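Peer 1: One structure, pasted below without further comment.
The values are calculated or read from the model by the stated rules, or taken from the named source; none is laboratory data. These numbers were taken from a predicted model, which means no experiment stands behind them. Please note: Cβ atoms are built from the backbone with ideal geometry, for glycine as well, and neighbour counts cover all protein chains shown. Accessible surface areas use protein heavy atoms only, side chains included; no ligands, DNA or RNA. Shrake-Rupley method; radii C 1.70, N 1.55, O 1.52, S 1.80 Å.
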Amino acid sequence: QVQLVESGGGLVQAGGSLRLSCATSGRTFSNYVMGWFRRTPGKEREFVAAVSWSGAPTYYAESVKGRFTISRDTAKNTVALQMNSLKPEDTAVYYCAAKLTSGHSYNSQNYAYWGQGTQVTVSS
């Protein structure tokens, strides 16, 4: 059984940084695409970033390009999201997700496994 567990969320001032981590377990992730999504109250889950387990290519939402970086550590079976220059509009619950097949997708419905989410709050 696949398990994804996020950590690293918290409260930060605008302009600050946070690093989210997603610990994976349960099966081999070598053919997976790993993604980060976020959700704010009343809205659908929004794509943030994705990376193939091989490490490339990477994909980003326009709203986070140049500020967020997704990476994976195959030795530790983790996926990270480094978030810099945070803005109040980045406030959301952030979710790690795994897509079982290769190929990028912005659509959350194409991701089969999800973590429980971690809250990120950016104060102005």
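Peer 1: Within the group Gly42, Gly35, Gly103, which residue is assigned to a loop (DSSP other than H, G, I, E, B) and closer than 22 Å to Val122 by Cα? Let's see the steps before the verdict.
Peer 2: Numbers: Gly35 fails: assigned to a loop (DSSP other than H, G, I, E, B); Gly103 fails: closer than 22 Å to Val122 by Cα.
When all the criteria are applied, what remains is Gly42.
Peer 1: Could you grab me the full set of residues in the stretch 54-68 that are of a type in the set (S, T, N, Q) and either in contact with a Leu (Cβ under 9 Å, 6 or more places away or on another chain) or under 15 Å from Lys99 (Cα atoms) (or both)? Walk me through how you get there before you give the answer.
Peer 2: Initially, the stretch 54-68 is screened for residues of a type in the set (S, T, N, Q), giving 54, 58, 63.
Those that are of a type in the set (S, T, N, Q) and either in contact with a Leu (Cβ under 9 Å, 6 or more places away or on another chain) or under 15 Å from Lys99 (Cα atoms) (or both): Ser54, Thr58.
Peer 1: So Val64 fits all but one of (1) within 13 Å of the chain's Cα centre (by Cα); (2) in contact (Cβ under 8 Å) with a residue 40 or more places away in the chain; (3) in a loop (DSSP other than H, G, I, E, B); what number is the exception?
Peer 2: The single condition Val64 does not satisfy is (2).
Peer 1: Of the conditions (1) in contact with a Leu (Cβ under 8 Å, 6 or more places away or on another chain); (2) within 17 Å of Gln3 (Cβ to Cβ); (3) without any contact (Cβ under 8 Å) to a residue 24 or more places away in the chain; (4) not small (Gly, Ala, Ser), Asp73 satisfies every one except a single condition; which number is it?
Peer 2: If we test Asp73 against (1) in contact with a Leu (Cβ under 8 Å, 6 or more places away or on another chain); (2) within 17 Å of Gln3 (Cβ to Cβ); (3) without any contact (Cβ under 8 Å) to a residue 24 or more places away in the chain; (4) not small (Gly, Ala, Ser), just (1) comes out false.
Peer 1: So is Val5 open to solvent by 70 Å² or more (accessible area, probe 1.4 Å), under 18 Å from Tyr113 (Cα atoms) and in a strand (DSSP E or B) or not? Even if it seems obvious, please write down each step before you answer.
Peer 2: Numbers: open to solvent by 70 Å² or more (accessible area, probe 1.4 Å): yes; under 18 Å from Tyr113 (Cα atoms): yes; in a strand (DSSP E or B): yes.
So Val5 passes the test.
Peer 1: Those residues that are open to solvent by 40 Å² or more (accessible area, probe 1.4 Å) and more than 18 Å from Glu6 (Cα to Cα), I need them from the stretch 60-70; list them, please. Steps first, please.
Peer 2: The first filter runs over the stretch 60-70 and keeps only residues open to solvent by 40 Å² or more (accessible area, probe 1.4 Å), leaving 60, 62-63, 65-66, 69.
Correct list: Tyr60, Glu62, Ser63, Lys65, Gly66.
Peer 1: Take Pro57 and tell me if it is in contact (Cβ under 8 Å) with a residue 24 or more places away in the chain, touching a His at 6+ places or on another chain (Cβ under 9 Å) and loosely packed, with under 15 Cβ neighbours inside 10 Å.
Peer 2: Yes: the conditions hold for Pro57.
Peer 1: Next question. Within the stretch 92-100, is there a residue that is closer than 20 Å to Leu4 by Cβ, touching a Lys or Arg at 6+ places or on another chain (Cβ under 8 Å) and among the hydroxyl-bearing types (Ser, Thr, Tyr)? Let's see the steps before the verdict.
Peer 2: Narrowing the stretch 92-100 to residues closer than 20 Å to Leu4 by Cβ: 92-100.
Now narrow it down to the ones that are touching a Lys or Arg at 6+ places or on another chain (Cβ under 8 Å): 92-95.
Okay, now just the ones that are also among the hydroxyl-bearing types (Ser, Thr, Tyr), so 94-95.
There is at least one residue in the stretch 92-100 that is closer than 20 Å to Leu4 by Cβ, touching a Lys or Arg at 6+ places or on another chain (Cβ under 8 Å) and among the hydroxyl-bearing types (Ser, Thr, Tyr).
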